[in-house]
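Take a look at the structure below.
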Amino acid sequence: MAFSMKQRVDAGLTRKAAHTVSRVPAVAVRAVAAPSAPAAAPASETKNAYGVFRLSYDTQNEDPSLTRSWKKTIKVAVTGASGNIANHLLFMLASGEVYGKDQPIALQLLGSERSKEALEGVAMELEDSLYPLLREVSIGIDPYEVFGDADWALMIGAKPRGPGMERADLLQQNGEIFQVQGRALNESASRNCKVVVVGNPCNTNALIAMENAPNIPRKNFHALTRLDENRAKCQLALKSGKFYTSISRMAIWGNHSTTQVPDYINARIGGIPATDLIRDNKWFREEFTPKVALRGGALIKKWGRSSAASTAVSVADAIRSLVVPTAPGDCFSTGVISDGNPYGVREGLIFSFPCRSKGDGDYEICDDFIVDEWLRNKIRASEDELQKEKECVSHLIGMMGGACSLRGVEDTTVPGEN
Ligand code: LMR
């Protein structure tokens, strides 16, 4: 592989001007990305790519036996790319442990004006890590450029809640970011781009991005609730004394908030219902459920910041759930559009359901989960909350009216900050 330091310096000097250049035709990007691209692209070509520095490899000198069985390179855009979560996730992506050891990858990293230097640092660390599957890294602060032809968009960047801010304020501020980024996805990303929203409040942010990206199938938008599933599995493993790999059908329903519903009723441990193994309904309802829902907050108290490593791991798990077939009878949790769901959840919300996949990037909502009265009421409460969130951002998703009733009420949206 080769990367010229001069390229980086040249591009660095011209970065400011380059950010204002008009959109780059996709073909120009592909030309740099092609396997036969020369090791050191001319500086002008480098600038043309995204107007920022770009790292490309000399694949001509590569041992063909290494790459013969590889798939076509995929483009993965990551927002909030210089943040804590990305700092864990990017290296997992580049190593091949997420998309597979035969899946070359191009990383397209989005930062902000403030984080440009840090973003270069991230790209330098990726470069220094010598991952054979990592074919390119590009960085930028314009989502229209960075999302160019992206097959996946991992939307991590969002504002954390500041002092005195209400949940409605957070919805507004982050909503505006996701409106812009949704529009950018709509214009620039691959038509079948899969979008995983991590930045909170992730369900409603995903909804905003989706509503602003009508060119991309609604089904392709996900809000990360896999972290909650992993937390629930951890608690079941600790209580039952069984290893977490024996836990299946551990679904999270609803919002990634304290109203989320970790579904112990359908969960299995070693193939048998968790409630048969742990015969303690009080524990399930009064300890397990709040512990999972409040885990983000407990972590913030310990760390002084949100979970980062375990969130990154759960993003990796969420992607793998879509690119690897789900084991028979099992499920994974993800927040997806509720349109046509088999559980009567109102349509038009990004809602976490138990899902399964054939491993082709697509999924279906499982239709065989038992919903008893307790579960139904809990699901309804989370659904009501998501509907209220939707009303607060109606102006960002092209809906009329919608008064925001979330001001001055108990804050449940961001587990870590209530
Ligand atoms: C988490 O669940 O750990 C995070 O979503 C919490 C947060 O506020 O970032």
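Which whole-percent values make up P(r) of the range 226-396 when all C-alpha to C-alpha distances are grouped in 5 Å steps starting at zero?
1, 9, 17, 22, 21, 17, 9, 3, 1, 0
Residue separation times 0.36 nm, minus the C-alpha to C-alpha distance between SER112 and ASN377: what's the value?
That pair, SER112 and ASN377, stretches by 91.2 nm at full extension.
With N set to the number of residues, divide the alpha-carbon radius of gyration of the range 297-399 by 2.2 N^0.38 Å and report two decimals.
My calculation over the Cα atoms of the range 297-399 gives 1.25.
Which percent of the accessible area of the range 245-298 is formed by carbon and sulfur heavy atoms (probe 1.4 angstrom)?
Of the solvent-accessible surface of the range 245-298, carbon and sulfur hold 48 percent.
Heavy atoms only, probe 1.4 angstrom, no DNA, RNA or ligands counted: give me TRP70, TRP253 ranked by accessible area, highest first.
Largest to smallest exposure gives the sequence TRP70, TRP253.
Where does each of TRP303, TRP374, TRP152 land when they are ordered by accessible area, with a 1.4 Å probe and the largest first?
TRP303, TRP374, TRP152
Tell me the per residue accessible area of the range 226-396 using a 1.4 Å probe; a whole number in Å² is fine.
41
Ranked from the most accessible area to the least, with a 1.4 Å probe and all protein chains present, what is the order of HIS395, HIS222, HIS88?
The residues order as HIS395, HIS88, HIS222, largest area first.
Taking 35 Å as R0, compute the FRET efficiency from the Cβ-Cβ separation of ASP128 and GLU391 and round it to 0.05.
Plugging the Cβ-Cβ distance into 1/(1 + (r/R0)^6) gives 0.15.
Between ARG183 and SER405, what length in nm is gained on full extension when 0.36 nm per residue of separation is reduced by their alpha carbon distance?
My answer for the length gained is 77.3 nm.
What is the Cα centroid distance between the range 82-100 and the range 321-361, reported in whole angstrom?
So the separation of the two Cα centres works out to 23 Å.
For the residue pair TRP70 and ALA309, what label-to-label distance in nm results when each label sits 7 Å from Cα along the Cα-to-beta-carbon direction?
For TRP70 paired with ALA309, the spin-label model returns 3.0 nm.
The values are calculated or read from the model by the stated rules, or taken from the named source; none is laboratory data. Because the structure is predicted, anything quoted here is derived from the model rather than measured. Glycine also receives a Cβ, built like all others from the backbone with ideal geometry; neighbour counts cover every protein chain displayed. Protein only, heavy atoms only, side chains kept; ligands, DNA and RNA dropped before computing areas. Shrake-Rupley method; radii C 1.70, N 1.55, O 1.52, S 1.80 Å.
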